[in-house]
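One structure below.
What follows draws every value from the coordinates through simple rules; no lab data is involved. Quantities reported herein were computed from a predicted structural model and do not represent experimental measurements. Positions of Cβ are backbone-derived with ideal geometry, glycine not excepted, and every protein chain shown enters the neighbour counts.
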Amino acid sequence: MTGERTEVVVTDLKRTQIVMYAGASGDYNPLHTDEPFATQVAGNPTVMAHGMLTMGLAGRVLTGWFGHENILRYRARFKAPVWPGDTLTVTAKVTGVAEGRAEITLSAVNAAGTEVLTGTATALVTDVVQDLASGVPDAAQYPAPDMPDAAQDSAPGVPDAVRNGAAR
């Protein structure tokens with residue numbers, strides 16, 4: 001199996017998306033959330049997106065191609081800041097397949113062509129992935145895998161006291 005995919009993962013990244021990510025991740029570093037700090041203290045043109053937001057956006061190409069359940073490893077290096085208004089295009093390439101696992105490289109660039117992220121991943125190669133690489137246009141024809149009952153718990157292994165806020 002070989003292949004390559006290129007997708008636009010975000011068009012015109014909004015400040016709202018950056019602030020929502022800050023809330024979801026708990027990362028309120030002022031470089032990402034405070035315009036005066038980002039510009040006057042840090043000397044940036046504006047706030048910047050979180051690296052992990054960029055990594056998550058780039059990961060959409062992997063999960064769209066292989067399915068989230070088949071991604072075994074995903075690593076990334078942040079090469080340049082991502083700013084509000086950026087459009088990111090990600091290219092993922094299968095560089096090899098052995099023992100039912102695909103090795104993949106990723107590159108994300110902004111609209112100016114600046115590489116903002118590089119990465120690697122390993123994914124299980126399934127019949128679905130092989131069919132997609134052969135040109136089957138829609139993975140929706142394949143059912144999602146059955147989840148064990150324990151996976152129905154939104155936070156397995158988290159004590160009820162913590163889940164209910166008593167441990168604050």
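In whole angstrom, and with the biggest value first, how far do the Cα coordinates of the stretch 1-132 range along each principal axis?
That gives 52, 29, 20 Å along the principal axes, largest extent first.
Compute the distance in nm between two label points, each set 7 Å from the Cα along the Cα-to-Cβ direction, one at residue 12 and one at residue 98.
Roughly 4.6 nm, to one decimal.
Counting Lys and Arg as +1 and Asp and Glu as -1, each charge on the Cβ, what is the dipole of the stretch 3-137 about the Cα centre in debye, to the nearest 20?
Values: 10 positive and 13 negative charges, 39 e Å.
Approximately 180 debye in magnitude.
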